[in-house]
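A quick write-up on the structure given underneath.
The values are calculated or read from the model by the stated rules, or taken from the named source; none is laboratory data. Fair warning: this is a prediction, and the values are worked out from it, not measured in the lab. All Cβ positions, even for glycine, are placed from backbone atoms using ideal geometry, and neighbour counts span all protein chains on display. SASA here: full protein model, heavy atoms, side chains in, ligands and nucleic acids out. Shrake-Rupley method; radii C 1.70, N 1.55, O 1.52, S 1.80 Å.
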Amino acid sequence: MTSTAFIGLGNMGAGMAANLAKAGQTVWAFDLSATALDRAVAAGCQRAASTAQALTDADTVITMLPAGAAVRAVWGSEILPHAKPGALIIDCSTIDVESARLVAVEASKKGLRPADAPVSGGIMAADAGTLAFMVGCADADYPAVEAALAPMARVTIHAGQSGAGQAAKICNNMLLGISMIGVCEAFALAEKLDLDPMRFFDIASKSSGQCWSLNTYCPWPGGVESAPSNRNYEGGFLTALMSKDLKLAQEAAAKSGAATPLGAQAQALYALFEAQGYGQKDFSAILQLMRGRLVDL
Ligand code: NAD
């Protein structure tokens, strides 16, 4: 039976590890939080006392951690010294490209097979096993990585070599943040011009202004039934996470010399919105900042 070690059983990791266990794998789970570990055990995982213990027989190791510093620490001091030779080591966290490349180089030197595989889709997709994975890894390792991720995935795409998964994730989310702000500004202007917002939605969603942020995830309540705007912006993709991803994109832009002025503006606006206390609202709630109607949230 396939044995997998899963490190980091928070909001996302809990559902992901549970789906691996449901698929019949032996999943050795570890998290610094006892509550998170208890929940994973209740969902069918085996309790490990440490990351090193979780790795003992694992052919595949998956990490789902908060940020680059945690990934560098866990991979550097626990996974690389203790993983089985030849094991696949897959990081699904969203982290900076530089850290992803750094840990991959160190893992390869130890004879391990590293991959970065950040996800698109939130907690509901993690629970349902319908995440989209963007993978950076050696060509030869991709089929094994795809198979390892399958019980958690709706789709898996090979973005390129190590770090390419993280690069794809932050470029996509920078585009998403910018497009959502554009849609919100257009709604705010339409309102000031006494144009009915739903009339505007009907027209723009069939015209050249159409995009995912408008057509599928409309920030104005009433446009798209399934959008978080119809549930007072609860659930969905949290402003705090959009803010984190835009910050990663700006750090990558500064290091690589890419000019991303709209990405910088989007990062500043989402940082402001988060600082005002709306980090736990869906990112489309930034509409209310543009309208000067934060009081409605
Ligand atoms: P979370 O904070 O809920 O979970 C992280 C878990 O890692 C926690 O349970 C924490 O105790 C554990 N952890 C931290 N350091 C550890 C260590 N040294 N050893 C073992 N466990 C450790 O975060 P989350 O919402 O599950 O997100 C995880 C990652 O997925 C992040 O990088 C995030 O950006 C990304 N992501 C999240 C979402 C989302 O909707 N929540 C969506 C897409 C991507």
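Across the accessible surface of the range 244-297, with the other protein chains kept in place and a 1.4 Å probe, carbon and sulfur atoms take up 57 percent.
Sorting the segments 170-177, 82-89 by their residues' average number of neighbouring beta-carbon atoms within 10 angstrom, most packed first, yields 170-177, 82-89.
Under the rule of -39500 (n - 2.57) per DSSP H run of 4 or more residues, summed and divided by the residues of the chain, what mean residue ellipticity at 222 nm is obtained, to the nearest 500 deg cm²/dmol?
So the helix-based figure for the chain works out to -13500 deg cm²/dmol.
Using every Cα-Cα pair within the range 151-201, state what percent have a distance larger than 14 Å. Value for the range 151-201: 68 percent of Cα pairs lie more than 14 Å apart. Measuring only protein heavy atoms, the 1.4 Å probe finds R291 accessible over about 50 Å². Rolling a 1.4 Å probe across the protein heavy atoms gives the chain an accessible surface of 44 Å² per residue. Quick one: Debye curve from the C-alpha atoms of the range 167-296, no solvent, what's log10 I(q)/I(0) at q = 0.14 Å⁻¹? Computed log10 I(q)/I(0) values: -0.59.
Here the extension length gained between N172 and D139 equals 9.7 nm, from 0.36 nm per residue of separation less the Cα-Cα distance. Accessible surface for V224 stands near 20 Å², nearest 10, in the context of the full protein assembly shown (1.4 Å probe).
From largest to smallest, the equivalent ellipsoid semi-axes obtained for the range 3-161 from the alpha-carbon gyration tensor read 20, 18, 14 Å. On a per residue basis, the convex hull of the C-alpha atoms belonging to the chain measures out at 135 Å³.
Every pair of different Cα atoms in the range 16-57 enters the Kirkwood calculation, which places the hydrodynamic radius at 10.1 Å.
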